[in-house]
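So the structure is just underneath, and the comments pick up after that.
The values are calculated or read from the model by the stated rules, or taken from the named source; none is laboratory data. The shown structure was predicted, so the numbers you read here are calculated from the model rather than taken from an experiment. Positions of Cβ are backbone-derived with ideal geometry, glycine not excepted, and every protein chain shown enters the neighbour counts. Accessible surface is based on the protein model in full, side chains and every heavy atom, while ligands, DNA and RNA are left aside. Shrake-Rupley method; radii C 1.70, N 1.55, O 1.52, S 1.80 Å.
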Amino acid sequence: MLDLMKDLLIVSGRIITIIPLLFFMTLFMGKRAIAELPVFDFLIVIILGALVGADIADPEINHIPTAYAIIAIALFQRIVANWKISNRKIGRLLTFEPTVVIQDGKFIHKNLKQIRYSIDNILQLLREKDVFDISEVETAVVEPSGGLSVLKKPEKQNIKVEDMYIATPTSSISFPVIVEGKIYPEVLKEVHLNEPWLIQHLADQGIDNVEEIFFASINRKLELHISLRNDKDNTSIPPILH
């Protein structure tokens, strides 16, 4: 019983000392390490978590080397961060490159495949940017941190009320009707359409095989927007207006 109480007191003491130390070392490493979490910083966070967790939970681990390790890792991260700033080539080796995933309202299939992002991932990130229709996007870039930067087409950019003294226009939401060659009939039903209608309008655009389509969406105005698996073909297929 006494040994248990002693271990609990040791663990409590380590919590009181190690968390403030970790807090100050995180502030020392800088805001970038907290907000963006590039690959290298992500690894640093994992190492610190494992180090602190083991130290707090196991009273038999020597506490002083753990504190030293936290300080040394923080210093090492700071040195590497400054190194990345001063040498762009090193920075590119230690993190992911920005990747264009949408251009002129079309998904770039090979780039999505390269960074292992699904259509659903990108659509979610677009919604977080208040973009509900892919056809509104001129360029979308997945940043090294994993976030999405979006440039809307000029005609779809919000107009500032203080500049034009008019209400800001709203965009119609689009629904995915084909994802990686698979038709979603429940989405067509939502907009009061059916598969024969979709197949016919795809045929009108010279698309006889649904599996050629990487992504297709439709909005309430019945505008059909298509991204093909073949990147070269994407730019030649306009939305279908009705």
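Length gained on full extension, ARG78 to ARG116, computed as 0.36 nm times the residue gap minus the Cα-Cα distance: 10.7 nm. Per residue, the accessible area of segment 42-125 comes to 62 Å² when a 1.4 Å probe rolls over the protein heavy atoms. Students often get this wrong: which residues of segment 174-210 have the backbone nitrogen under 12 Å from the point 7 angstrom along Cα-to-C-beta of LYS156? Within reach of a label on LYS156, which here means backbone N under 12 Å from a point 7 Å along Cα→Cβ, segment 174-210 contributes 174-175. The phi torsions of segment 198-214, fed into the Karplus equation with coefficients 6.51, -1.76 and 1.60 and a -60° offset, translate into couplings of 5, 4, 5, 6, 5, 4, 4, 9, x, 10, 9, 10, 4, 5, 6, 8, 7 Hz, rounded to whole numbers, with Gly and Pro shown as x.
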